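Asks: Before anything else, here's the structure in question.
The values are calculated or read from the model by the stated rules, or taken from the named source; none is laboratory data. Since the model is a prediction, treat every value here as computed from it, not as a measurement. Heads up, the Cβs are rebuilt from the backbone with ideal geometry, glycines too, and the neighbour counts pull from every protein chain shown.
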Ligand code: F6R
């Protein structure tokens, strides 16, 4: 797991947007896994800016979102489809037919979830999955206790999640109790994962995810089993990490490698 600690949210956002833009430039028909919520918002704003000012081209990109509330149509302002349209898709040149979000109105859930998994597979798998993290360590709607092998499925939300989300729905009774979510097993099959964590409200979850044991009680900890995960965070989210010095050292060496400063790494150039 690569642990990147930035001084502030703006630098986190820039780092994440650069990673996505690098992939889109290198592989214009890449498959992106996307998340909703406050964590990726700044990243989406920066991608919109890159599209507008630098011509970053999304025309051949395919996207799969992690989750959606059950019962909400895509035009409901609380739906994750609406969130993605207003915060990203409507402002870039993505082909709407290539944007996939679980259908909150699907009635045959089992068939729908199977078809979502199949669509990911047929698209060639997810090249880069963007993730946020819940204060209890959840990723997507995989609440504590979710099976680490889980696939896209119907999930009952925990009371805490329902309470947390009540602020968006005006009244707790309006908060959907069910969601469709990619499973942990689905997420672990992405080729790369990029998690964003902002603020000290996430510090406990970040600490458990990176330095705690792998456990279904903190579903993000399953990322320790993935071979290519980067977690980028601000100082607040990093404040409980015990191996901070080591992560900073790794980043320093990584930067020297990426910028070709081999002499500073003590590596002699081989002239042969
Ligand atoms: C949403 C999702 C969730 C959020 C998490 C953090 O698609 O996957 O797991 O990433 O609840 O939410 P924020 O970013 O709003 O703190």
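Asks: Could you check how many residues of the range 181-200 are part of a strand (DSSP E or B), over 16 Å from residue 221 (Cβ atoms) and more than 9 Å from the ligand (Cβ to nearest atom)?
Replies: Residues in the range 181-200 being part of a strand (DSSP E or B), over 16 Å from residue 221 (Cβ atoms) and more than 9 Å from the ligand (Cβ to nearest atom): 2 in total.
Asks: Looking at (1) outside any strand (DSSP E or B); (2) over 30 Å from residue 56 (Cα atoms); (3) modelled with pLDDT of 95 or more; (4) touching a strand residue (DSSP E or B) at 6+ places or on another chain (Cβ under 7 Å), which is the one condition that is false for residue 154?
Replies: (1)
Asks: Those residues that are touching a residue at least 60 places away in the same chain (Cβ under 8 Å) and either in a helix (DSSP H, G or I) or in contact with a helix residue (DSSP H, G or I) (Cβ under 9 Å, 6 or more places away or on another chain) (or both), I need them from the range 108-126; list them, please.
Replies: 109, 112, 113, 116, 117, 120, 123, 126
Asks: Out of 161, 152, which single residue is more than 27 Å from residue 46 (Cα to Cα), within 15 Å of the ligand (Cβ to nearest atom) and buried (at least 22 other Cβ atoms within 10 Å of the Cβ)?
Replies: Selected residue: 152, the only one of 161, 152 that is more than 27 Å from residue 46 (Cα to Cα), within 15 Å of the ligand (Cβ to nearest atom) and buried (at least 22 other Cβ atoms within 10 Å of the Cβ).
Asks: While we're looking at this one, here's another question. Going by the structure shown, is residue 137 within 11 Å of the ligand (Cβ to nearest atom), in contact (Cβ under 8 Å) with a residue 24 or more places away in the chain and under 19 Å from residue 192 (Cβ atoms)?
Replies: no
Asks: Please pick out the residue among 224, 208 that is more than 15 Å from the ligand (Cβ to nearest atom) and at negative phi.
Replies: One residue alone meets the criteria, 224.
Asks: If you scan the range 140-149, which residues turn out to be part of a loop (DSSP other than H, G, I, E, B), within 9 Å of the ligand (Cβ to nearest atom) and more than 21 Å from residue 12 (Cβ to Cβ)?
Replies: Listed by number, the list holds a single entry, 141.
Asks: Moving on. Condition first: within 13 Å of the ligand (Cβ to nearest atom), closer than 19 Å to residue 77 by Cβ and part of a helix (DSSP H, G or I). Can you find one or more residues in the range 168-180 that meet it?
Replies: yes
Asks: Turning to a different aspect of this structure: So which strands (runs of 3 or more DSSP E) are wholly in the range 1-107 and hold at least 2 residues that are away from the ligand (no atom under 16 Å from the Cβ), touching a residue at least 60 places away in the same chain (Cβ under 8 Å) and touching a helix residue (DSSP H, G or I) at 6+ places or on another chain (Cβ under 6 Å)?
Replies: Fully inside the range 1-107 and qualifying: 2-6.
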